[in-house]
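See structure below.
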Ligand SMILES: [Zn+2]
């Protein structure tokens with residue numbers, strides 16, 4: 001505690017003593033003088049963040065004081081609207097900092113993040129637990145009908161009021177104090193979890209020295225491993241990591257069972273190695289604090305707390321829904337395991353199928369059944385062409401145009417920048433950042449350096465959107481050649497990007513992707529439906545050497561194989577979703593033994609030992625550090641919506657039907673979080689969706 005106080009004091013002194021020079025150099029302190037006011041990444045230095053944050057905290061605090069001390073009666077304008085626009089500086093710097101800390105971090109940024117997280121937590125609590133401010137918000141909320149509000153304004157008011165209640169504004173002073181301490185500790189624990197995970201991921205390498213240990217691997221994969229090795233100073237050797245684009249092909253093709261085991265064990269033991277980067281104690285503490293925090297706020301469990309603001313509303317509905325899909329998928333996965341065991345026996349293998357065998361035998365069977373593997377399609381999925389393909393879809397549906405720009409600052413040479421337009425009018429800027437590196441966390445995501453909204457005076461602000469993936473990188477003279485799954489991930493993130501780009505809200509807090517977690521994957525997942533449509537493949541799937549369009553025969557094979565291995569894909573995903581729900585349905589503070597808890601939870605549902613949950617507890621970043629706690633189910637929940645929504649296009653016989661697209665944009669993409677999700681969906685589709693389209697989509701019916 002003492003240490004932190006000294007730290008703040010020192011920063012304050014530094015700020016006032018060299019105010020002038022620091023301020024004028026700090027890009028956050030003035031308007032960005034760049035094309036489209038994209039953050040000037042080339043000028044932003046690590047030392048600019050803390051002063052900008054401190055100024056942001058101060059600015060918002062002063063604005064909040066002004067709201068509280070306003071002698072006039074509380075109104076929507078002088079309280080809710082004023083609060084919506086109270087933190088512009090803070091939003092400006094935090095969007096840049098958090099995006100960079102995920103996509104291009106280093107020791108300095110991580111140290112800043114550690115220092116920042118308790119300060120941010122305290123700052124948020126100063127606002128959320130401010131009694132006078134809450135009384136004003138409450139007064140506006142209770143007198144809502146006096147203010148003649150638009151639908152969007154009503155939603156902003158409702159969100160603000162409920163956010164105060166859910167943040168503890170109605171608690172006693174002693175409970176508020178307890179809550180502050182919990183929030184601070186929780187935010188630090190999440191930071192430590194993420195740091196450990198990145199370090200554990202970067203730390204593991206499978207170094208291959210003998211050519212015979214490469215048996216079974218395709219040439220492209222071997223070349224990629226050689227490139228990686230020389231980039232690490234291991235000339236003449238081959239390196240595989242536990243980053244997905246490096247690990248998965250090894251698991252699919254390597255004939256060396258013990259090496260597959262070594263690599264996959266490195267992956268699934270991340271954060272569980274009883275070393276200084278072990279995440280088990282951190283998770284146990286987070287889970288416990290979440291229970292205590294929820295109960296302090298009057299909820300039985302953390303899931304109850306989270307879900308009341310989601311479409312699902314209660315944990316019971318989530319469990320029921322997951323159970324329905326689980327019951328359909330588990331027998332399919334078991335049959336898949338049996339089929340693999342048969343291949344093992346047929347080949348004279350005298351062992352039981354294990355998790356590190358799954359990809360290998362799946363690939364064999366796929367090859368046998370459909371004469372298809374990733375290496376057949378990769379040459380047709382050149383990353384630049386896949387991007388062209390997704391732009392083509394957005395053009396057909398929404399009339400958007402994308403042009404590459406070379407005058408926009410970047411934070412890394414891998415970033416590509418586009419201006420997005422419609423009818424020659426500017427829509428926004430899109431940044432795409434595709435390849436894995438040690439400074440980037442795993443997975444794929446979409447964010448915004450600036451969200452669409454209108455200023456207090458009503459002027460349109462256009463978004464600056466960023467998509468980040470960890471796709472197969474180029475190697476040697478070969479461009480980046482993607483698997484069908486990676487192509488689909490690009491389309492997915494692009495769907496989130498469209499949600500940001502086509503947003504047409506007034507208030508910043510309800511624009512773009514500011515929708516409930518179990519609705520946010522609708523715009524992203526619906527895009528995945530176009531990626532393998534023949535009409536779309538024709539446009540982008542061209543051979544990287546010959547330019548030949550993907551032959552119809554491969555398209556047919558892709559189509560036939562599209563539901564292959566779906567038992568596994570569904571079960572490993574559901575297992576992680578159930579694990580998430582089990583942690584967050586706890587109703588009493590317990591000292592969890594993480595390994596035991598995970599094992600018990602999985603055996604309760606009868607998960608077969610050949611399958612690991614898609615994320616084990618110690619590297620489940622979504623739920624411990626990324627806002628998906630009791631929300632990982634959202635992907636499959638949203639699949640009910642996206643499968644049904646895509647049907648709306650299919651039913652017209654035209655997957656580019658402009659009328660349906662216009663309705664999807666009007667009722668869903670443009671609205672952000674300005675309306676209730678189910679209302680938005682029904683406005684688009686005319687009815688609520690059922691589970692059938694989802695089961696059919698996965699071949700589980
Ligand atoms: Zn997503």
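Here is a check on your reading of the model: is residue 480 away from the ligand (no atom under 14 Å from the Cβ) and touching a helix residue (DSSP H, G or I) at 6+ places or on another chain (Cβ under 8 Å)? Before the answer, list the steps.
Working: away from the ligand (no atom under 14 Å from the Cβ): yes; touching a helix residue (DSSP H, G or I) at 6+ places or on another chain (Cβ under 8 Å): yes.
So residue 480 passes the test.
Can you run down the residue pairs with Cβ atoms below 8 Å, 6 or more apart or on separate chains, where the first is in the stretch 438-465 and modelled with pLDDT under 95 and the partner is within 16 Å of the ligand (Cβ to nearest atom)?
The qualifying pairs are 441/102; 441/103; 441/621; 442/244; 442/470; 442/621; 443/470; 443/621.
Since residue 321 meets every condition but one in (1) closer than 30 Å to residue 696 by Cβ; (2) over 27 Å from the mean Cα position of the chain (by Cα), which condition does it not meet?
So the condition that residue 321 fails would be (2).
Looking only at residues that are within 13 Å of the chain's Cα centre (by Cα) and closer than 11 Å to residue 669 by Cα in the stretch 483-510, which one is nearest to the ligand (Cβ to nearest atom)?
Of the residues in the stretch 483-510, the ones within 13 Å of the chain's Cα centre (by Cα) are 489-490, 492-497.
From what is left, the residues that are closer than 11 Å to residue 669 by Cα are 495-497.
Details: 495: 8, 496: 6, 497: 11 Å.
The qualifying residue nearest to the ligand (Cβ to nearest atom) is 496.
State all residues of the stretch 438-463 that are farther than 30 Å from residue 232 by Cα and touching a helix residue (DSSP H, G or I) at 6+ places or on another chain (Cβ under 8 Å); if no residue qualifies, say none.
First pass over the stretch 438-463, keeping only residues farther than 30 Å from residue 232 by Cα: 447-463.
Once the filter is applied, which keeps residues that are farther than 30 Å from residue 232 by Cα and touching a helix residue (DSSP H, G or I) at 6+ places or on another chain (Cβ under 8 Å), the stretch 438-463 yields 447, 448, 449, 450, 451, 452, 453, 456, 462, 463.
Looking at the stretch 204-220, which of its residues are within 18 Å of residue 261 (Cβ to Cβ) and in contact with a helix residue (DSSP H, G or I) (Cβ under 7 Å, 6 or more places away or on another chain)?
204, 206, 208, 213, 214, 216, 217
Condition (residue is part of a helix (DSSP H, G or I), more than 26 Å from the chain's Cα centre (by Cα) and at pLDDT below 95) applied to the stretch 242-253: is it met by at least one residue? Don't jump to the end; show me each part of the working.
Within the stretch 242-253, the subset part of a helix (DSSP H, G or I) is 244-253.
Add one more test, that the residue is more than 26 Å from the chain's Cα centre (by Cα), and what stays is 253.
Then keep just the ones that are at pLDDT below 95; that gives none.
No, because not a single residue in the stretch 242-253 is part of a helix (DSSP H, G or I), more than 26 Å from the chain's Cα centre (by Cα) and at pLDDT below 95.
Is one or more of the residues making up the stretch 10-20 within 30 Å of residue 408 (Cα to Cα), surrounded by fewer than 18 Cβ atoms within 10 Å (Cβ to Cβ) and at pLDDT below 95?
So the first thing to find is which residues in the stretch 10-20 are within 30 Å of residue 408 (Cα to Cα), and the list is 19-20.
Restricting the remaining residues to those that are surrounded by fewer than 18 Cβ atoms within 10 Å (Cβ to Cβ) gives 19-20.
Those still in the list that are at pLDDT below 95 too: 19-20.
Checking the stretch 10-20: at least one residue is within 30 Å of residue 408 (Cα to Cα), surrounded by fewer than 18 Cβ atoms within 10 Å (Cβ to Cβ) and at pLDDT below 95.
Please enumerate the residues belonging to the stretch 184-210 that are more than 22 Å from the chain's Cα centre (by Cα) and assigned to a helix (DSSP H, G or I). Show your work before the answer.
Applying the first criterion (more than 22 Å from the chain's Cα centre (by Cα)) to the stretch 184-210 yields 184-185, 203-210.
Across the stretch 184-210, the qualifying residues are 184, 185, 203.
Counting just the residues of the stretch 657-685 that are in contact with a helix residue (DSSP H, G or I) (Cβ under 6 Å, 6 or more places away or on another chain) and not in a helix (DSSP H, G or I), which one comes out nearest to residue 427 (Cα to Cα)?
672
Have a look at 253, 267 and point out the one that is in contact with a helix residue (DSSP H, G or I) (Cβ under 9 Å, 6 or more places away or on another chain) and closer than 16 Å to residue 208 by Cβ. Don't jump to the end; show me each part of the working.
Numbers: 267 fails: closer than 16 Å to residue 208 by Cβ.
Only one candidate qualifies: 253.
Might you check whether a residue that is touching a helix residue (DSSP H, G or I) at 6+ places or on another chain (Cβ under 6 Å), over 29 Å from residue 354 (Cβ atoms) and surrounded by fewer than 20 Cβ atoms within 10 Å (Cβ to Cβ) occurs anywhere in the stretch 592-612?
no
Would you check which residues across the stretch 454-474 are farther than 10 Å from residue 500 by Cα, away from the ligand (no atom under 16 Å from the Cβ) and part of a strand (DSSP E or B) and list them?
Hits for the stretch 454-474 are 454, 460, 461.
Residue 336 passes all but one of (1) surrounded by 21 or more Cβ atoms within 10 Å (Cβ to Cβ); (2) more than 28 Å from the chain's Cα centre (by Cα); (3) under 26 Å from residue 191 (Cα atoms); which number fails?
Unmet condition: (3).
Go through the stretch 686-698 and give me each residue that's in contact with a helix residue (DSSP H, G or I) (Cβ under 6 Å, 6 or more places away or on another chain), in a helix (DSSP H, G or I) and free of Cβ contacts under 8 Å to residues at least 60 places away in the same chain.
Scanning the stretch 686-698 gives 693, 697.
Test residue 558 against the criterion of being within 16 Å of the ligand (Cβ to nearest atom) and either within 30 Å of residue 670 (Cα to Cα) or surrounded by fewer than 21 Cβ atoms within 10 Å (Cβ to Cβ) (or both), and give yes or no. Show your work before the answer.
Details: within 16 Å of the ligand (Cβ to nearest atom): no; either within 30 Å of residue 670 (Cα to Cα) or surrounded by fewer than 21 Cβ atoms within 10 Å (Cβ to Cβ) (or both): yes.
Considered against the rule, which asks whether it is within 16 Å of the ligand (Cβ to nearest atom) and either within 30 Å of residue 670 (Cα to Cα) or surrounded by fewer than 21 Cβ atoms within 10 Å (Cβ to Cβ) (or both), residue 558 comes out as no.
So residue 513 fits all but one of (1) closer than 20 Å to residue 397 by Cβ; (2) out of contact with any helix residue (DSSP H, G or I) (no Cβ under 8 Å at 6 or more places or on another chain); (3) within 16 Å of the ligand (Cβ to nearest atom); what number is the exception?
(2)
Given the structure, is residue 598 part of a helix (DSSP H, G or I) and either farther than 26 Å from residue 489 by Cβ or within 16 Å of the ligand (Cβ to nearest atom) (or both)? Steps first, answer last, please.
Details: part of a helix (DSSP H, G or I): yes; either farther than 26 Å from residue 489 by Cβ or within 16 Å of the ligand (Cβ to nearest atom) (or both): yes.
Yes, satisfied.
The rows are residues; the columns are (1) surrounded by fewer than 16 Cβ atoms within 10 Å (Cβ to Cβ); (2) closer than 30 Å to residue 39 by Cα.
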site: 86; (1), (2): no, yes
site: 96; (1), (2): no, yes
site: 106; (1), (2): yes, yes
site: 112; (1), (2): no, yes
site: 118; (1), (2): no, yes
site: 130; (1), (2): no, no
site: 136; (1), (2): no, no
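From 427, 415, 393, which residue is away from the ligand (no atom under 16 Å from the Cβ), without any contact (Cβ under 8 Å) to a residue 24 or more places away in the chain and crowded, with 17+ Cβ neighbours inside 10 Å? Step through it out loud before you land on a result.
Details: 427 fails: without any contact (Cβ under 8 Å) to a residue 24 or more places away in the chain; 393 fails: without any contact (Cβ under 8 Å) to a residue 24 or more places away in the chain.
Every option except 415 fails the conditions.
Please go through the stretch 480-522 and pick out each residue that is in a loop (DSSP other than H, G, I, E, B) and farther than 30 Å from residue 228 by Cβ.
Residues of the stretch 480-522 that are in a loop (DSSP other than H, G, I, E, B), as a first pass: 480, 482-483, 502-507, 511-516.
Correct list: 502, 503, 504, 505, 506, 507, 511, 512, 513, 514, 515, 516.
Do we find that residue 557 is in a helix (DSSP H, G or I) and at pLDDT below 95 in this structure?
Numbers: in a helix (DSSP H, G or I): yes; at pLDDT below 95: yes.
Here the answer is yes, as residue 557 does meet what is asked.
The values are calculated or read from the model by the stated rules, or taken from the named source; none is laboratory data. What you see is a predicted model, and the numbers here were worked out from it, not measured in a lab. Heads up, the Cβs are rebuilt from the backbone with ideal geometry, glycines too, and the neighbour counts pull from every protein chain shown.
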